Structure formats: structure tokens, C-alpha cells
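Engineer: Starting off with a structure, shown below.
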Amino acid sequence: MVKFECNLGKRRRCCEGKNEGKKGVYNSLDRISAMPDEILVSILSLLPLKEAAATSILSRRWQYVWMSTMVLNFDANFDVGSNICRFGALKRKLRDLESGRYVNWVNRVVEQHRGPNIEEFSVCFQLNDRFTSSIDKWIQFAIEKGVTTLVLKFFSQLDSASLNFYAFPHKLLGLEKKCLYSYIPSLRPCGYKVGFQSLKVLHFQWVDVTDEVLEYFLSNCAVLERVTVYGTKSLVNLRVVRPSAALKHLAIGACLGLQGIEICEANLVSFKYDGSVINLLLTNVPLLVEVSISYISNPRAFIELFSSKLSCCLSQLEILMLKITRADYNPKHVFPMLANLKHLELIVHADYRLALHHLTSFLKASPFLQRLVLKLDFIVSLEDIEKIKKAAKCPHHYLKVVEIVGYRARASAVDHILFLIKSATALEKIVIDPLRRWAYPYEPGSEELSDVAEAREHAVQLIKTKLPSTVEFVCL
């Protein structure tokens, strides 16, 4: 699109020299430039930010249009030209230099922006409290522009001695400090003209937020639909009690000091949690149909999750995602019926000797399951691998699609697939994906190419040949 517009600009300048003073030449040869600013801004808002800024060289007409773009997505790949996920291999000095360049880029764009409002403000880079002053100004800018989507994704150095997270400022929400660890709303919360009245999506990653800050967003943003908080150290006890009616999706993960989450009288459709075992209380969530829980290993957590913490919504769940550890299987435990479950995703220890028995329990408890995704974890040391204990055939008449993620040329992986082929009488499709896409953060290209290639070849040669002709085979 940018190349096309550049050609238009060249044609325009050329024609202006030949037809100076002739009316209608501009409109007849460059109809795009003749459009109202509102339409041009809408067009540029569909482009990546760097490409939108590049249109300023087309002509005088285009010089300032990009400064009113409604989507400010500061994608690092467009500006600094480096993959932030690979910073671990760089020296600290170079990393700090790149971070400084990134901050300067965002500052320049924010200062030059002329539009009355923005739909999205998205920052994605390795930043910390060293840049607090600039980040505070960005958030204030987003507030004043009535932002709809606010994304702050600051990648953290987890191996550093201290986690110097950027802390979301209470003052921008009008929260006043009551004592050392407590805040109360001021009489004039968020005193900006627009504030967060239009906020629909909030995503914080390695941004330190307190209970008060997050609960402010959940209770005071009337149209807020989706909230994600990943990586914070000051969130302790989160209460989502009678939040804004618009809130539909909540995801919490890697919160280092989190002790409990209470969700009550909420219109949530999906809830995701990833981290240590916490006190989890769900009550009166009639619309909740999707749940994802990834606990760090705990012997009692799994049974407790089903017997009490999710008991109020198990019968209504349609999508369930769980991480299962070796300690989670108890042959005496009776699984509750998941009568409406259609989609099940499990992260499993594929080399665990009772893995198939655990899988059988899920199949029996989900009689109307249609799609099963198994994400396979393997034991690194071959000496610790146990022989998989065979499980009795478990006929399932609704399971149509099976996806195996993280497939490797291991006997345990083959055992899982063959068991499912025999059990799923209505199976229509099986997908093999050797990449561990669920690992966070997933880095494309981080896995050994030889392992991936071997897994693909192994799947084609062994699995494909054992499938009935009626089952579609896909290897990604």
C-alpha cells in the first residue's frame, strides 16, 4: 500500500510541474489525497506505525496525516530492528542502549500526535523502572486520548538479582495513600477529561500493580471487556466482586506474591490462571464457560480444584485447559461429570507410567467432548523414563479432532496417539505439531531444528500409516 501511494505522490509532483495552474489536475490524478482527513487517518490506522509515518514523504498533503493515526502500536521489530526475545545473548550495555532508543521513539511519536483520540496504545519492549518518567507520560497521554486498548508488555530479566518492575502510578487513578500499604480513592478519581471511560482491553505484562489499582480498573471502567495481568509482585489478594458488567475475560499469571483470587457475581465468560497454588473462590458466575488453570506442581491441588474450587461451574464449562503433573493422578478419585465440555486441553507428562489411565478418566468424565489437545512434556533424562502402563480401551463416540503438540519421536508419544485412535470411534482428524507452542514465552526458532525435523519424519512414517483411511492426517 505504501509503495502504491509513493507512486501516486511522484505522479502528482510530476503533473503539477506540467500543468501548473490547471484546475482539477490534483483531484483527477490523486483521488486518495483528495479524501477528507478522517478517511485518510482511518486508512493509515490500518498500517503498522512505521509504515504510517513513512507516508509523510509522499507530499505536503500527507506530511502530517499520520500524526493523527488512531492505532499506536510500537512494534519493536519495525524500529530498532532486533528481536527482544534474544536479549539474553547481548551485553547489558547494548540492551540498555536499545531500550533507550525505543523510549525515545515512543516519546517522539507521543509528542507529535495531533489526533483527538486513539483506539490503541501498545508498548512492547524490555523496560523497567529506569524509564518510569517516560512511561508515566505515555499512560497520561493514553488517558487524555480516551484509549480503547492499553497494552504495556515489558519483558523482564528473570535471572537478575532484583526485579525492578515499572510500577503503575496510583496518582493517575486518583488513589491516595492511606498508610504504608493501603490506598483509598480520592474525591476526584482520575481527574482527566476523558479518563478510562472508553477502555475495553487492558494488558499488563511485567508491570507492577497492586490490588487497589487492578480493582479500580475492574470496578470503574464501564466498558472494560478483557483484562490480562502477567508478571507482578505487589498483587496479593484480588477481589473481582460485582465488577463492571462488560467484563468478560480475565487472565492472571506469574504473580509472585499472589495469595488468593475471589470472583463473585461476575459476567465472566473466560478465566485463566497460571502460577502457584492459591486460594481460589468462584461463586455466582453463570456465564463462565472457559477455564484454564496451570498450577505449579502440588500433590493436592488437582483434586481440590475439581472437588471445591471449580465445583460451581463444572457442569457449564465448554472449554477446559489444565496442566497435569505426576502427583495429580489418584485412581480412587472420581471425576465429576463435565456434561457440556466440548474442548479439552491438557499439558501432560507423557513419560508418566499412569498417563493413559489419567487420560481415560478425562474421557469418561467428558462424554460429549469433540476436540482434545494434548501438550506433551517429556523427561529430559532417558534414565528416568518409565514404561507406560497400558490402559483399557475407552470408547468415545463424539471426539472428532485430536491435536498433539510438542510431539517427539518417543514411545510414550506414540502410545498416547494409538490409545486415542482406538478409543475415538468418531475420529475425523489428527494434527501433529512438534513445536512446544504453549511454553511461555514461546520463542520461534528456540527448539533444535534437528529434533523438530526428526519428530515430523517420525510422525509421517509411523503415525500416518496406522490411521484409518477415514481420518485426516495433518503434520505442521
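The values are calculated or read from the model by the stated rules, or taken from the named source; none is laboratory data. In this text the structure is predicted, and so the values were computed from the model without any measurement. No Cβ is skipped: glycine too gets one built from the backbone with ideal geometry, and neighbour counts run over all protein chains shown. Note: areas computed on protein heavy atoms with side chains; ligands, DNA, RNA excluded. Shrake-Rupley method; radii C 1.70, N 1.55, O 1.52, S 1.80 Å.
Engineer: Which of the residues spanning region 235-264 are closer than 21 Å to Cys124 by Cα and surrounded by 17 or more Cβ atoms within 10 Å (Cβ to Cβ)?
Structural biologist: Once the filter is applied, which keeps residues that are closer than 21 Å to Cys124 by Cα and surrounded by 17 or more Cβ atoms within 10 Å (Cβ to Cβ), region 235-264 yields Leu250, Ile252, Gly253, Ala254, Cys255.
Engineer: Which residues, counting only those in region 358-370, are open to solvent by 10 Å² or more (accessible area, probe 1.4 Å) and touching a Lys or Arg at 6+ places or on another chain (Cβ under 7 Å)?
Structural biologist: Passing the criteria: Phe368, Gln370.
Engineer: Within region 93-136, which residues are open to solvent by less than 50 Å² (accessible area, probe 1.4 Å) and of a type in the set (A, V, I, L, M)?
Structural biologist: Result: Val103, Val106, Val109, Val110, Ile118, Val123, Leu127, Ile135.
Engineer: Tell me, please, whether a residue that is at pLDDT below 80 and of a type in the set (S, T, N, Q) can be found in region 357-370.
Structural biologist: No, region 357-370 contains no residue that is at pLDDT below 80 and of a type in the set (S, T, N, Q).
Engineer: Any residue at all in region 180-192 that's closer than 29 Å to Pro48 by Cα and at pLDDT 90 or above?
Structural biologist: Step one: filter region 180-192 for residues closer than 29 Å to Pro48 by Cα, giving 192.
With at pLDDT 90 or above added as a condition, the list becomes none.
No, region 180-192 contains no residue that is closer than 29 Å to Pro48 by Cα and at pLDDT 90 or above.
Engineer: Also, quick follow-up: For region 194-234: of the residues being modelled with pLDDT under 95 and more than 22 Å from Gln140 (Cβ to Cβ), which is least open to solvent (accessible area, probe 1.4 Å)?
Structural biologist: Gly231
Engineer: Pick out the one residue from Ile417, Ile432 that is touching a Cys at 6+ places or on another chain (Cβ under 7 Å) and either open to solvent by less than 10 Å² (accessible area, probe 1.4 Å) or closer than 14 Å to Leu346 by Cβ (or both). Full working, then the answer.
Structural biologist: On the way: Ile417 fails: touching a Cys at 6+ places or on another chain (Cβ under 7 Å).
Every option except Ile432 fails the conditions.
Residue-wise test of (1) of a type outside the set (Lys, Arg); (2) modelled with pLDDT of 85 or more; (3) over 27 Å from the mean Cα position of the chain (by Cα).
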residue	(1), (2), (3)
Arg410	no, no, yes
Val414	yes, yes, yes
Ser423	yes, yes, yes
Ala426	yes, yes, yes
Pro434	yes, yes, no
Tyr440	yes, no, no
Val460	yes, yes, yes
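Engineer: Next up: Against the definition (at pLDDT 85 or above and touching an Asp or Glu at 6+ places or on another chain (Cβ under 9 Å)), how does Ser297 come out, yes or no?
Structural biologist: Considered against the rule, which asks whether it is at pLDDT 85 or above and touching an Asp or Glu at 6+ places or on another chain (Cβ under 9 Å), Ser297 comes out as no.
Engineer: Sticking with this one: Which condition breaks for Leu287 when tested against (1) over 24 Å from the mean Cα position of the chain (by Cα); (2) assigned to a loop (DSSP other than H, G, I, E, B); (3) at pLDDT 85 or above?
Structural biologist: Looking at each condition in turn, Leu287 falls short on (1).
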